[in-house]
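See structure below.
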Amino acid sequence: MLGRKLVIDYSLYLVTGRELLPPGKDYYESLEESLKDGHVTVVQLREKNIDSGEFLEIAEKSLKICDKYRVPMLINDNLSVALALPERVGLHIGQTDIPVQQARKILGPNRHLGLSVHNVEQAEAAVDLDIVDYVGVGPVYGTKSKAGIEEKDVLGPRGASRILQALEKVPKRLPCVLIGGLNEKTAAGTLFGAVCDSNWPDGIAVISAIVAHPTPSVPAANLAKIVKSFKKAFDSHAKEFGAGEPPFTSYDIEKNTINKIAELLRFHRASQYGPPLIQTLTSHVSSTLSANIALAFSSSPIMSHQEAEAEDLGKVTGAVVLNIGTIGDEARRGMRAVGGAANRGGKPVVLDPVGVGASSFRKGVVEEIMNHTQITLLKGNAAELSAISGLEDIQSRGVDSGSGTLKDPVNLVVSMACKEKCLVLLTGKEDYLSNGQHAVKVSNGHELLGRITGSGCALGVVVAASMAAACNFTKHNKLPTTHLGSFMVHSDTNWLFIGALMGVLSMNIASELAAERSDVKGSGTFIPALIDELAAMTPEKIVERAKFGFV
Ligand SMILES: Cc1ncc(COP(=O)(O)OP(=O)(O)O)c(N)n1
Ligand SMILES: Cc1nc(C(=O)O)sc1CCOP(=O)(O)O
């Protein structure tokens, strides 16, 4: 059992790195600026290239600054330096440093001891030992601040979430901080993305985001605000619904849904913001149809998958679609860059994991995208969503394998939405959409949709355009929205849900209207008719024909 010791708030954990200071910036000045406004809650001194004597000298001076602002301090790796300092100074060690049992024995029960964990096995071992005070989970992203980190080591939010899942097996919760590549752009999405069934990150640890900044108090304040907002959103949600639910609520979705859809479509058609630009990285088989469908639905398609222009386009896009239909290495790199840029700009991201169950290559691509990008809506047929969720009752036979039948489609979409913290759209004879709290079943559509290639991909574009419209709508109407860095929570999700539903209904109803036309003789004549009917879709037609219900 551990004895009495300081209680540490791990919300914003600054790890020092003198080699990353801007040219001419004094280390002590930077440390003081980082701490002065009270945003940094704990500091770790990390020195890699000096002897213990010099380390101790720096540590003593740093401790004075930490004490001045009442911020707890730990030493990285060097046990003798930690022991030479007062007992309130803790130690952080890694997996290849002194064994943790030995460190605890030497440090005694009252000194804080932190341990790095990089995988589930190490997390389970830390939990079993029950002698560390917290763990650092990383690297969440690639970083230049620590030598030797390779692409294969990167956890992504989902990998971090798996580690947090392993940590929750203790009777007493083991606090954890996320580390590696966290900054003002990545922090929010990562915090939410790392939440698992009943565990959540206690904070973030950063080096370069603060140390490399010429005015470190600025990123410190911004990062602290993100962590605080995350904790507020997550804590209140956890108290009300239990930690397993997603960190957003959507009580009013059911009320007047159809009126909201009509209102949104009216706004979209007449939008003063102009047609939203939908950056569509898709299969070459469906590219032309998707672009024409986007145009018909009052949006502008741009089919670029170039990594080099992702950041520029990210500033002007309304939403992005990542469709892995015919993905190659170039598009794979492009998706990572485009997904990241969209997250940074708070733009909706639709992931269409076409044929994900067909090969381990596709599985790897989807895993990589979901690790690096906070997805807003995951769309797939039964085989695709089953492959991602790990269900094995449906086998994928190819990229366009049938949707098959699921025993419990509602449970699949709800549980996946909770787990992945995004909207989930299951397509098939009937479509199911969930945000983790609500699920809706849509019964519109026509079987001719299944007889043309790329209709599912085009649906992803319509849904993306509809969610872009929802973002413009909330902005235009100054509806309360909470943007935490790249992640959208609370009221945004209501309208994103409404937007996604509007997209599904528009496409499906357009298919019914097209199929009813006397000039449509089969799948060939159906395609232009579908485009025309989508272009002519109105709120009134949706209100008249929509067949959906909450399930
Ligand atoms: C909070 C926190 N988490 C992880 C680390 C990494 O520690 P370690 O694995 O020992 O690597 P080095 O920092 O020694 O390079 C950390 N320092 N802090
Ligand atoms: C020190 C350290 N440890 C990591 C781990 O994964 O264990 S990642 C890391 C570097 C963190 O620096 P930055 O915030 O600049 O990315």
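Annotations for the structure displayed:
- Close contacts from the range 202-214, counting a first residue that is touching a residue at least 40 places away in the same chain (Cβ under 8 Å) and under 13 Å from residue 143 (Cα atoms) and a second that is within 6 Å of ligand 2 (Cβ to nearest atom) and of a type in the set (Val, Ile, Thr), with Cβ to Cβ under 9 Å and a gap of 6+ residues or different chains, come to 205/15; 205/179; 206/15; 206/179; 207/15; 207/143; 207/179; 208/143.
- Here residue 363 meets each of (1) surrounded by fewer than 22 Cβ atoms within 10 Å (Cβ to Cβ); (2) under 14 Å from the mean Cα position of the chain (by Cα) with one exception, condition (2).
- Filter result for residue 33 (away from ligand 2 (no atom under 16 Å from the Cβ), of a type in the set (D, E, K, R) and touching a residue at least 40 places away in the same chain (Cβ under 8 Å)): yes
- Pick from the range 266-276, criterion buried (at least 18 other Cβ atoms within 10 Å of the Cβ) and touching a strand residue (DSSP E or B) at 6+ places or on another chain (Cβ under 9 Å), ranking: farthest from residue 304 (Cα to Cα): 275
- Answer residue from the range 153-168, given it is within 13 Å of ligand 2 (Cβ to nearest atom) and without any contact (Cβ under 8 Å) to a residue 60 or more places away in the chain and is nearest to residue 186 (Cα to Cα) among those: 160
- Among (1) within 13 Å of ligand 2 (Cβ to nearest atom); (2) surrounded by 22 or more Cβ atoms within 10 Å (Cβ to Cβ), the one test that residue 212 misses: (2)
- Some residue of the range 336-354 being among the basic types (Lys, Arg), surrounded by fewer than 21 Cβ atoms within 10 Å (Cβ to Cβ) and closer than 19 Å to residue 185 by Cβ: yes
- For residue 62, the requirement of being more than 16 Å from ligand 1 (Cβ to nearest atom), within 25 Å of residue 220 (Cβ to Cβ) and buried (at least 19 other Cβ atoms within 10 Å of the Cβ) is not met.
- Residue ID - nearest to residue 8 (Cα to Cα), chosen from residues in the range 96-114 that are within 16 Å of ligand 1 (Cβ to nearest atom) and outside any helix (DSSP H, G or I): 112
- The range 426-444 residues that are not assigned by TED's automatic domain parsing to the domain that holds residue 498, paired with ones that are surrounded by 24 or more Cβ atoms within 10 Å (Cβ to Cβ) (beta carbon under 9 Å, 6 or more apart): none
- Residue in the range 82-94 that is free of Cβ contacts under 8 Å to residues at least 12 places away in the same chain and assigned to a helix (DSSP H, G or I) present: no
- Taking the criterion of being buried (at least 18 other Cβ atoms within 10 Å of the Cβ) and not hydroxyl-bearing (Ser, Thr, Tyr), the residues of the range 3-24 that qualify are 8, 12, 14, 15, 17, 18, 21.
- Where a residue in the range 67-81 is farther than 15 Å from residue 205 by Cβ and in a strand (DSSP E or B) and its partner, wherever it lies, is hydrophobic (A, V, I, L, M, F, W, C) and within 16 Å of ligand 2 (Cβ to nearest atom), with Cβ under 9 Å and at least six apart: none
- Among the residues of the range 239-290, not one is among the small types (Gly, Ala, Ser), assigned to a helix (DSSP H, G or I) and at pLDDT below 85.
- Entry remark, the range 115-132: residues being part of a loop (DSSP other than H, G, I, E, B) and more than 11 Å from ligand 1 (Cβ to nearest atom) number 4 in total.
- Cβ-Cβ contacts under 9 Å between residues 6 or more apart (or on different chains), taken from a first residue in the range 291-313 that is outside the structural domain of residue 281 (by TED's automatic domain parsing) and modelled with pLDDT under 95 to a second residue that is surrounded by fewer than 19 Cβ atoms within 10 Å (Cβ to Cβ) and in a loop (DSSP other than H, G, I, E, B), are absent.
- Just one of the numbered conditions (1) within 11 Å of ligand 1 (Cβ to nearest atom); (2) surrounded by 24 or more Cβ atoms within 10 Å (Cβ to Cβ); (3) not β-branched (Val, Ile, Thr) is not true of residue 189: (1).
- Complete set of residues in the range 125-162 that are surrounded by 22 or more Cβ atoms within 10 Å (Cβ to Cβ) and in contact with a Cys (Cβ under 8 Å, 6 or more places away or on another chain): 134, 135, 136, 137, 161
- Residues that are surrounded by fewer than 24 Cβ atoms within 10 Å (Cβ to Cβ), within 25 Å of the chain's Cα centre (by Cα) and within 24 Å of residue 524 (Cβ to Cβ), drawn from the range 277-300: 283
- Scanning the range 148-182 for residues that are touching a strand residue (DSSP E or B) at 6+ places or on another chain (Cβ under 8 Å), within 16 Å of ligand 1 (Cβ to nearest atom) and over 16 Å from residue 229 (Cβ atoms) returns 155, 160, 163, 164, 167, 174, 175, 176, 177, 179.
- Taking every residue in the range 113-138 that is without any contact (Cβ under 8 Å) to a residue 24 or more places away in the chain and pairing it with any residue that is part of a strand (DSSP E or B) and within 15 Å of ligand 1 (Cβ to nearest atom), at least 6 positions away or on another chain, the pairs with Cβ-Cβ distances below 7 Å are 113/90; 113/91; 115/93; 115/135.
The values are calculated or read from the model by the stated rules, or taken from the named source; none is laboratory data. Please read all numbers here as calculations on a predicted model, not as lab measurements. Cβ atoms come from the backbone with ideal geometry, glycine included; neighbour counts cover every protein chain shown.
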